[in-house]
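Structure first, then comments.
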Amino acid sequence: MNRDVDVILPDSDVASEVTLDSSSDVGRASPTLKGLQNRESNPKQRTRRPFHFQTTISANRAESPILVDAVPYDNAQEATYSRYKYYQRLRGPAIGDDQALLIPDHVVPSIFFYPYIPGTVPLTGKQSSLITIFAVWNTMMGTSLLSMPWAVEQAGLLAGLSLIVVMAGICFYTAFCILQVYGIYGEKENLADFPDLCMFLLGRVGQWVSVLFSALSLLGASAVYWVLMSNFLYHTVKYVYDLITTTSSVHLFTIDDNSSAFNLFCPDPIDNLSYSSLLNGPLFRNGASTFDKIWNLDLTVPIYMALLLLPLICLKSATFFTKFNALGTVSVFYIMGFVVTKASQWGVHVEFNDTSSPFYVPLLRSNFPALSGMLSLALYLHNCVVSIMKNNRHQESNGRDLSIAYILVALTYLGIGATFYLTFPLEKDCIEDNLLNNFSRSDTLTVIARVFLLFQMMTVFPLLAYILRTQILYAFFNSIYPSFSHVFSLNVALLTICVIFAIFLPQVGTITRFSGALCGLVYVFTLPSILYVVSYRKQNNGHAPAWVYIVHGLIILCGLLNLIAQFIVTN
């Protein structure tokens, strides 16, 4: 009976795919037909053959190498090769520093060794602590930077700065709880990520809850992106149109006489009311130009964005868009530089005592939950903290590295929020939830920011849509791409929701704080606390001290109060 067995050796330089014919008298291994065809079609391709095989090639170097024969050139090395496979099969998974059945160093063929240069660190596929810290920082940085000055203004200076520190501490602790629990069960139970951990400790319900609220957080982020992209696209095209027609631009803001030197605008209070921006916009205003009716922020531009991005988010793979990931880091640094540049031009405008002063800065305001709700999303890392931190080369330093990253994130939000708030040269309640809306459309730095952020967000949004659809489709159909019709229908539903938000509730701050408070209640406050308590009991024969229940119960209560408080915030 003939039986062919394909064997693939792990070494990339010396391994190859070979076919072992068990009926052969000499047990000779010959190359597969597929391997031969690959070599003929791509002569420059490196051979991937067992180390004890040799390849004879044409002596004429001008010609392409031609495989003539491949036979064992040394019986001893062939025996070593077989013994190596035998040891490898008996070895199984290693536990700690167990050295049993490891192939001895003197038996390993010399070609498997490479020179060691003292002072260098062997490549392990892991990343250093510095890269890990930066990855965590970069993951949490995003559109919240544009809204942080508005959120600080809503809370008051002292309450705002205090809330950032407190929320960063809570979010760090709950994220660290996830790492601790995963460190106990992750490798032992072969758990890939946070939803698997919820499945193992909390059952199917825990897994579905984690997937559901992870998808809701992505949906909230998508709605925020859509509002911002529509805003940036509208102002960019309007700026170009104004340049071409050389007419004065029409703004949706009331010009303050004291702001002309800084190209700043204070929003009309009516623009903060639901539906009023649409009903009072150029589409329903008598005397509006044809261009303003065709190109308006309140209705047409969000729809144009949907027509533009729908084909992109229906692509089967989002690999192309991952090539632009570095733009996210560049955009964060640009926003930071933008705020610092403007603040240096304005100077400090603060008054703590005179409540009638336009620069009056209260220390505490009743709207402080707006900041805590926003921070629940701005400091949200919990659904991917395992994936990031398990790539850290020094696993024992995960707690330290995560704490440093959260400190840097908190300092970044403190710096941007406080700097813009304290130096803003108009009434503090003029600060918009998208700080770029406070600037003239013709301001050079603002134009650059809008164009750059528009391009960056248009490359990130397909990634958000891809992650969202993979979670939903895999949960319901056990496949990330069941068919094009499934993907298309889901993407149409996603864009419809985003367009509705952009038309009827184009308020970045409101969307962020509600989605952050809702998803944060589950992902930041509740699930990590429950997982920690369940794990603690599991490790201690069903017992846990009172402080474990009290501390984590209070954390869950904070998340619940944070969500309820969003409904009492007044815009």
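Kindly indicate the residue of the range 318-338 that is touching a residue at least 60 places away in the same chain (Cβ under 8 Å) and outside any helix (DSSP H, G or I) and also farthest from residue 141 (Cα to Cα) among those meeting that condition. Outline the logic, then answer.
Restricting attention to the range 318-338, the residues satisfying the condition of being touching a residue at least 60 places away in the same chain (Cβ under 8 Å) are 318, 321-322, 324, 327-332, 334-336, 338.
Checking the rest, the ones that are also outside any helix (DSSP H, G or I) come to 318, 324.
Values: 318: 21, 324: 16 Å.
Ranking the candidates gives 318 first.
For the range 201-221, what are the residues that are among the β-branched types (Val, Ile, Thr), touching a residue at least 12 places away in the same chain (Cβ under 8 Å) and open to solvent by 40 Å² or more (accessible area, probe 1.4 Å)?
Applying the first criterion (among the β-branched types (Val, Ile, Thr)) to the range 201-221 yields 205, 209, 211.
Remaining after also requiring touching a residue at least 12 places away in the same chain (Cβ under 8 Å): 209, 211.
If the condition is that a residue be among the β-branched types (Val, Ile, Thr), touching a residue at least 12 places away in the same chain (Cβ under 8 Å) and open to solvent by 40 Å² or more (accessible area, probe 1.4 Å), then 209 is the only one that fits.
Could you please let me know if residue 357 is over 28 Å from residue 133 (Cα atoms), part of a loop (DSSP other than H, G, I, E, B) and free of Cβ contacts under 8 Å to residues at least 40 places away in the same chain?
On the way: over 28 Å from residue 133 (Cα atoms): yes; part of a loop (DSSP other than H, G, I, E, B): yes; free of Cβ contacts under 8 Å to residues at least 40 places away in the same chain: yes.
Considered against the rule, which asks whether it is over 28 Å from residue 133 (Cα atoms), part of a loop (DSSP other than H, G, I, E, B) and free of Cβ contacts under 8 Å to residues at least 40 places away in the same chain, residue 357 comes out as yes.
So which of 178, 170 is of a type in the set (A, V, I, L, M) and either open to solvent by less than 20 Å² (accessible area, probe 1.4 Å) or not in a helix (DSSP H, G or I) (or both)? Give the derivation first.
Details: 170 fails: either open to solvent by less than 20 Å² (accessible area, probe 1.4 Å) or not in a helix (DSSP H, G or I) (or both).
Just a single option satisfies the conditions, and that option is 178.
Counting only residues that are of a type in the set (S, T, N, Q), open to solvent by less than 40 Å² (accessible area, probe 1.4 Å) and out of contact with any Lys or Arg (no Cβ under 7 Å at 6 or more places or on another chain), how many does the range 388-403 have?
Going residue by residue through the range 388-403, those that are of a type in the set (S, T, N, Q) are 391-392, 395, 397-398, 403.
Now drop any that are not open to solvent by less than 40 Å² (accessible area, probe 1.4 Å), which leaves 392, 397-398, 403.
Filter once more, keeping what is out of contact with any Lys or Arg (no Cβ under 7 Å at 6 or more places or on another chain): 397-398, 403.
Looking only at that region, the number is 3.
In the range 329-353, how many are surrounded by fewer than 17 Cβ atoms within 10 Å (Cβ to Cβ) and under 21 Å from residue 226 (Cα atoms)?
The total comes to 2.
If you go through the range 372-394 one residue at a time, do you hit one that is modelled with pLDDT of 90 or more, under 17 Å from residue 431 (Cα atoms) and aromatic (Phe, Trp, Tyr)?
No, the range 372-394 has no match at all.
Out of (1) more than 30 Å from residue 308 (Cα to Cα); (2) open to solvent by less than 70 Å² (accessible area, probe 1.4 Å); (3) touching a residue at least 24 places away in the same chain (Cβ under 8 Å), the odd one out for residue 538 is which?
So the condition that residue 538 fails would be (2).
Checking the condition within 23 Å of the chain's Cα centre (by Cα), of a type outside the set (A, V, I, L, M, F, W, C) and more than 30 Å from residue 498 (Cα to Cα), which residue from 203, 183, 156, 220 passes?
Working: 203 fails: within 23 Å of the chain's Cα centre (by Cα); 156 fails: within 23 Å of the chain's Cα centre (by Cα); 220 fails: more than 30 Å from residue 498 (Cα to Cα).
Every option except 183 fails the conditions.
With respect to residue 533, is the statement that it is touching a helix residue (DSSP H, G or I) at 6+ places or on another chain (Cβ under 6 Å), of a type in the set (A, V, I, L, M), in contact (Cβ under 8 Å) with a residue 24 or more places away in the chain and surrounded by 13 or more Cβ atoms within 10 Å (Cβ to Cβ) true? Quick ask: steps written out before the conclusion?
Details: touching a helix residue (DSSP H, G or I) at 6+ places or on another chain (Cβ under 6 Å): yes; of a type in the set (A, V, I, L, M): yes; in contact (Cβ under 8 Å) with a residue 24 or more places away in the chain: no; surrounded by 13 or more Cβ atoms within 10 Å (Cβ to Cβ): yes.
Considered against the rule, which asks whether it is touching a helix residue (DSSP H, G or I) at 6+ places or on another chain (Cβ under 6 Å), of a type in the set (A, V, I, L, M), in contact (Cβ under 8 Å) with a residue 24 or more places away in the chain and surrounded by 13 or more Cβ atoms within 10 Å (Cβ to Cβ), residue 533 comes out as no.
For residue 420, work out the one condition from (1) open to solvent by 10 Å² or more (accessible area, probe 1.4 Å); (2) of a type in the set (A, V, I, L, M, F, W, C); (3) farther than 23 Å from residue 305 by Cβ; (4) touching a residue at least 24 places away in the same chain (Cβ under 8 Å) it doesn't fulfil.
Here residue 420 meets the rest and fails (1).
From (1) open to solvent by 80 Å² or more (accessible area, probe 1.4 Å); (2) farther than 21 Å from residue 417 by Cα; (3) in a loop (DSSP other than H, G, I, E, B); (4) in contact (Cβ under 8 Å) with a residue 40 or more places away in the chain, pick out the condition that doesn't hold for residue 304.
Every condition holds for residue 304 apart from (3).
Yes/no per residue for (1) open to solvent by 30 Å² or more (accessible area, probe 1.4 Å); (2) in contact (Cβ under 8 Å) with a residue 40 or more places away in the chain; (3) on the phi > 0 side of the Ramachandran plot:
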residue	(1), (2), (3)
451	yes, yes, no
465	no, yes, no
473	no, no, no
490	yes, no, no
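Filter the range 430-442 down to the residues that are open to solvent by 10 Å² or more (accessible area, probe 1.4 Å) and at pLDDT 90 or above, then identify the one that is nearest to the chain's Cα centre (by Cα).
In this case the residue turns out to be 433.
What number of residues within the range 186-200 satisfy the criterion of being more than 21 Å from the chain's Cα centre (by Cα), outside any helix (DSSP H, G or I) and either touching a residue at least 40 places away in the same chain (Cβ under 8 Å) or at negative phi (or both)? So that I can check it myself, show each step before the final result.
Here is the first cut: in the range 186-200, the ones more than 21 Å from the chain's Cα centre (by Cα) are 186-190, 199-200.
From what's left, outside any helix (DSSP H, G or I): 186-190.
Those still in the list that are either touching a residue at least 40 places away in the same chain (Cβ under 8 Å) or at negative phi (or both) too: 186-189.
Total satisfying the criteria: 4.
Can you tell me which residue among 158, 163, 145 is outside any loop (DSSP other than H, G, I, E, B), farther than 26 Å from residue 478 by Cβ, open to solvent by 70 Å² or more (accessible area, probe 1.4 Å) and at pLDDT 90 or above? Break it down stepwise before answering.
Details: 163 fails: open to solvent by 70 Å² or more (accessible area, probe 1.4 Å); 145 fails: open to solvent by 70 Å² or more (accessible area, probe 1.4 Å).
Criteria check complete, one pass: 158.
The values are calculated or read from the model by the stated rules, or taken from the named source; none is laboratory data. Quantities reported herein were computed from a predicted structural model and do not represent experimental measurements. Heads up, the Cβs are rebuilt from the backbone with ideal geometry, glycines too, and the neighbour counts pull from every protein chain shown. Surface accessibility is based on the protein's heavy atoms, side chains included, excluding ligands, DNA and RNA. Shrake-Rupley method; radii C 1.70, N 1.55, O 1.52, S 1.80 Å.
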